[in-house]
Amino acid sequence: MFPHILLAVFLSLSVFAKEEKKPAPKISENRSRFEQLELFNKVLYLVETQYYRPVSTEKLIEGALKGMMDTLDPHSAFLNKDFFEKMQNDTQGEFGGLGLEVTQKEGVIYIITPIEDTPAFRAGIKPKDKLVEINHEAIVGMSLEQATEKMRGKVGESIHLGISREGDENLRHFNLKREIIKIKPVKYELLYDTYAYVRLSQFQKRSSESMIEALSSMKAKAEKKGGFSGIILDLRSNPGGLLDQAVDVSSIFLKEGIVVSTESRDPQNKDIRYVKKSGFKDLHTPMIVLINGASASASEIVAGALQDYKRAIIMGSQSFGKGSVQTVAQLDKETGVKLTIAQYMTPKNRKIQAVGITPDVQVEEVDQAEFEKDLREDRFIREKDLKNHLTATIETPAEKAERELSERKERSRRIREMEEAKGKTAKKDDEIFRTFEAMKDYQILQAIRYLKGFNVYDGFLKTK
C-alpha cells in the first residue's frame, strides 16, 4: 500500500514542478526529499498499526496536508471537499452560512466584516469582534478552517455564537439561523440630486456590470440638474473577491495604464493587469473612495490604483493590508489547494501586504446620531430676528406670504424633531445595523462636504 502512496506523492510533485517550469533539482536534493517522505511514511505506518484504535488513512493524510499548508501563511490551505465546494460557490455570489468574513491572528479568530443583508449583519456582529464560542463550546486553539467548518451547516438550523467585543466585560451572545447567502454586490443612491453614491460590498461575478448599471441609472436622473457633481465609491468592509472584477471596476474610472501587478518568487514571472480601454467610462467627475480597516484585497487594489493616478481622493481609515495573491489548484474532482504565489503592487509599485492603503483624508467612523446630539445649537440672534427689521428689498405681499409660510414650516420641523427625539429609545445591541441610510452616515456626509468644497474651489478657479 505504501509504495503506491509514495508514488502518488512523487507524481503530484512532478506535476507541480512541470507547471512551475523550474530547473530539475540536484540529485542531493532528490535524496533529501526522498528521506523526508520516507519519514512521513514511517509515521503514517506507526499510527495505522499501533494507535490504540483504527484511524482512517484518508483522514490522516488530509490532516498532514492541512498541517503542511498551515506552516506557510494564513491564506494558503488544503481544500477538502466541503471547502473546495464552498470556495467555488463564494465567487458565484451565493452560498449557505451566516455571512461572516473571518481571519485568525495569534490564535484568535477575528471578524473582518459581516456581509450586508446576512444573518450576522442583521444581528449586529461588528468588525474587530472576537469569536470565542460556537454552540457554547470554546474555540480556543481551533484553526480558522475548523471554526469556519463548525459554523457551516444546514440552511434553517440555529447556531449560537459567543462574541467578545472591545470595551465589554462580558461575552455577547447571538443566536442565528443559517441562510442561503445571496450577495447583492452593489447598492446605490443619488444624493442631493447630483451626488452618486455606490456601495460595493464584494467583488464577485458581474460586480463591474452592476456598478455600470448603477452609475448609468443615476447619471440619467442627474442630467436634469446638470449631471454628476461627484461620485462616492464605498468600499468599506469590502473583503475583496475576484481580481478581474477589481480591474474592471478600476477601468470604469481610468483611461489607461497599469491597474495592478504582482511580485512573485520568479522575477521573470510578473503578472500585469492593464486598464480596459473600452466600455463605460467616467474619467472626470470628482470622486471619493471610502475605505476602513475591513477593506481588503480587491478593495485595496482599486483604492491603490485610483490613488496612484490621482483619480480619486481616498477617505476613511487605514485598510486591512491583504495584498497577497492566491491561486487555487484543483487536485481531483473534489479537492484543491489554495496557495499564495505572489504579492500585489499598485501602479507605482507600492506593496499592500501587511501595509494597507493609507487614506488621503483621515476620517474615523462616528455615530452620526450621537455626533448630532453633541452639536451645540446655533443661538446667535441675527438682524432678521429683530422686531420691525428692515429687509434688503421691499417685500411684495406674495414674498411676505412665502417667507411666513417658510418660517412656519421650519418651526413645525423643529417641533417634530424634538418630539421624535423624546420618543426615541436606545436600540438593543442585537438590532444595530439593521438598516443603512446613506444620509445618516458620518463618513458619507463628510465625503459630500468635501466634494462640495472641491466644486466651489474648482468653479472659483475657472472664473479667474
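The values are calculated or read from the model by the stated rules, or taken from the named source; none is laboratory data. The model shown is predicted, which means the values in this text are computed figures rather than measured ones. Here the Cβ is made from the backbone with ideal geometry for all residues, glycine too, and neighbour counts use every protein chain on show.
Would you tally the residues in region 262-290 being touching a Phe, Trp or Tyr at 6+ places or on another chain (Cβ under 9 Å), part of a strand (DSSP E or B) and closer than 23 Å to residue 207 by Cβ?
3
If we keep just the residues of region 175-209 that are buried (at least 17 other Cβ atoms within 10 Å of the Cβ), of a type in the set (Phe, Trp, Tyr) and in contact (Cβ under 8 Å) with a residue 40 or more places away in the chain, which is nearest to residue 149 (Cα to Cα)?
Per the criteria, the residue is 203.
So residue 337 passes all but one of these: (1) in a loop (DSSP other than H, G, I, E, B); (2) in contact with a strand residue (DSSP E or B) (Cβ under 6 Å, 6 or more places away or on another chain); (3) modelled with pLDDT under 95. Which condition number does it fail?
(1)
I need a count of the residues in region 231-250 that are farther than 22 Å from residue 437 by Cβ and crowded, with 21+ Cβ neighbours inside 10 Å.
Just the residues of region 231-250 that are farther than 22 Å from residue 437 by Cβ, to begin with: 239-250.
Then drop every residue that is not crowded, with 21+ Cβ neighbours inside 10 Å, which leaves 239-241, 245-250.
Adding up the residues that qualify gives 9.
For a quick check of your reading: which strands (runs of 3 or more DSSP E) sit entirely within region 85-142 and have at least 3 residues that are closer than 24 Å to residue 186 by Cβ, over 14 Å from the mean Cα position of the chain (by Cα) and modelled with pLDDT under 85? Let's see the steps before the verdict.
Working: elements: 94-97, 100-105, 108-114, 130-134.
In region 85-142, the matching strands (runs of 3 or more DSSP E) lie at 94-97.
Restricting attention to region 267-283, does a residue exist that is buried (at least 20 other Cβ atoms within 10 Å of the Cβ), out of contact with any Cys (no Cβ under 6 Å at 6 or more places or on another chain) and under 30 Å from residue 456 (Cα atoms)?
no
Taking residue 26, is it modelled with pLDDT under 90 and on the phi > 0 side of the Ramachandran plot? Step through it out loud before you land on a result.
Numbers: modelled with pLDDT under 90: yes; on the phi > 0 side of the Ramachandran plot: no.
The answer is no for residue 26.
When residues of region 218-261 are filtered for being assigned to a helix (DSSP H, G or I) and farther than 19 Å from residue 307 by Cβ, how many remain? Lay out the reasoning, then the answer.
Residues of region 218-261 that are assigned to a helix (DSSP H, G or I), as a first pass: 218-225, 243-253.
Imposing the further condition that a residue be farther than 19 Å from residue 307 by Cβ reduces the set to 218-225, 244.
Final tally of qualifying residues: 9.
Give me the residue from region 215-230 that is among the aliphatic types (A, V, I, L, M) and either surrounded by 21 or more Cβ atoms within 10 Å (Cβ to Cβ) or on the phi > 0 side of the Ramachandran plot (or both) and, out of that set, nearest to the chain's Cα centre (by Cα).
Pass one, region 215-230, residues among the aliphatic types (A, V, I, L, M): 215, 218, 220, 222.
Next, from what is left, pick out any that are either surrounded by 21 or more Cβ atoms within 10 Å (Cβ to Cβ) or on the phi > 0 side of the Ramachandran plot (or both): 215, 218.
On the way: 215: 20, 218: 24 Å.
Selected residue: 215.
Please tell me if residue 314 is in contact with a Pro (Cβ under 7 Å, 6 or more places away or on another chain), under 27 Å from residue 194 (Cβ atoms) and not in a helix (DSSP H, G or I). Break it down into steps so the answer makes sense when it comes.
Values: in contact with a Pro (Cβ under 7 Å, 6 or more places away or on another chain): yes; under 27 Å from residue 194 (Cβ atoms): yes; not in a helix (DSSP H, G or I): yes.
So residue 314 passes the test.
Tell me which residues, restricted to region 391-405, are surrounded by 10 or more Cβ atoms within 10 Å (Cβ to Cβ) and either in contact with a Ser or Thr (Cβ under 9 Å, 6 or more places away or on another chain) or modelled with pLDDT of 75 or more (or both).
399, 400, 401, 402, 403, 404, 405
Could you tell me whether any residue of region 150-165 is under 26 Å from residue 321 (Cα atoms) and over 23 Å from the mean Cα position of the chain (by Cα)? Steps first, please.
First pass over region 150-165, keeping only residues under 26 Å from residue 321 (Cα atoms): 151, 163-165.
Going one step further and asking which of them are over 23 Å from the mean Cα position of the chain (by Cα), we end up with none.
Scanning region 150-165, I find no residue that is under 26 Å from residue 321 (Cα atoms) and over 23 Å from the mean Cα position of the chain (by Cα), so the answer is no.
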